[in-house]
Structures are given as C-alpha cells and as structure tokens.
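The values are calculated or read from the model by the stated rules, or taken from the named source; none is laboratory data. Every value quoted in this text rests on a predicted model; they were computed, and no experiment measured them. Using ideal geometry, Cβ is built from the backbone for each residue, glycine included, and neighbour counts are taken over all protein chains shown. With ligands, DNA and RNA removed, areas are computed over all heavy atoms of the protein, side chains included. Shrake-Rupley method; radii C 1.70, N 1.55, O 1.52, S 1.80 Å.
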Amino acid sequence: YEGPQAERAYLDSLVDSNGRSVKYQRLGSRLVNGEDKPLDIYEITLSSKDKFQLFIDMYKLNRNPEEQPAPVGLYKKRG
C-alpha cells in the first residue's frame, strides 16, 4: 500500500469505542511543524457524532495500514 490507497485502508480499519466504523472526509493537506512534506487532514466522525481532525503522512512508503496503531480513543477492527 502507498499514498491515498493506504490512507483509506487505514481509516477503514478504525472503529470507535462503540465498535462502529468511523466516517471520514479529507479536508486537504498542509505543512505542519516544519515537516518537509505535507500531511493530509481528515475530519473523523464517531457514531456519537463527535468530530476531530486526524493528520496522516501518506508519504511514508511501504507501511502496511493493518500494522499501524489506532489513534488514542479509537480501535482497529478485528479480523
């Protein structure tokens, strides 16, 4: 996996504390804190309707989305 395909696979693997898949929408990308490559920004919506932003670096190559940890407060879907 690489790039946008890896991002979508990762985001599709996330569930909230109720065990429900999160919804996400890409808001764009921007440079953050002196990074040399932009980070993609996603708005994540939980089943409770709470929302937050998640920043993802799609330029890290050869990273399997299944092996990446979930952000604090979210979980990965079980097989």
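What to note about this one:
- Neighbours of Gly19, meaning other residues whose beta-carbon lies under 14 angstrom from its beta-carbon, give a summed charge of +3 when Lys and Arg score +1 and Asp and Glu score -1.
- Simple rule: put +1 on each Lys or Arg Cβ and -1 on each Asp or Glu Cβ in the chain, find the dipole, and look at Val22, Gln5, Leu54; the Cα lying farthest toward the positive end is Val22.
- Seen through its C-alpha gyration tensor, with square-root eigenvalues sorted a ≥ b ≥ c, the stretch 39-79 comes out oblate because a/c lies at 1.5 or above while a/b is not bigger than b/c.
- Whole-number percent relative contact order across the chain, with pairs defined as alpha carbons under 8 Å at least 6 apart: 38 percent
- The modelled label-to-label distance for the pair Tyr75/Glu43, using points 7 Å beyond Cα in the direction of Cβ, is 2.7 nm.
- Fraction of accessible area attributable to carbon and sulfur, the chain (%, probe 1.4 Å): 44 percent
- Pairs of Lys residues in the chain are counted when their Cα atoms are under 26 angstrom apart and they lie 8 or more places apart or on different chains; the count is 15.
- The dipole here belongs to the chain: it is taken about the Cα centre, uses +1 on the Cβ of Lys and Arg and -1 on the Cβ of Asp and Glu, and is about 300 debye.
- Accessible area in square angstrom per residue, the chain, 1.4 angstrom probe: 71 Å²
- Chain lengthening between Arg30 and Tyr59 when straightened (0.36 nm per residue, less Cα-Cα): 9.2 nm
- Relative pair counts by distance (%), Cα atoms of the chain, 10 Å bins: 18, 51, 27, 3
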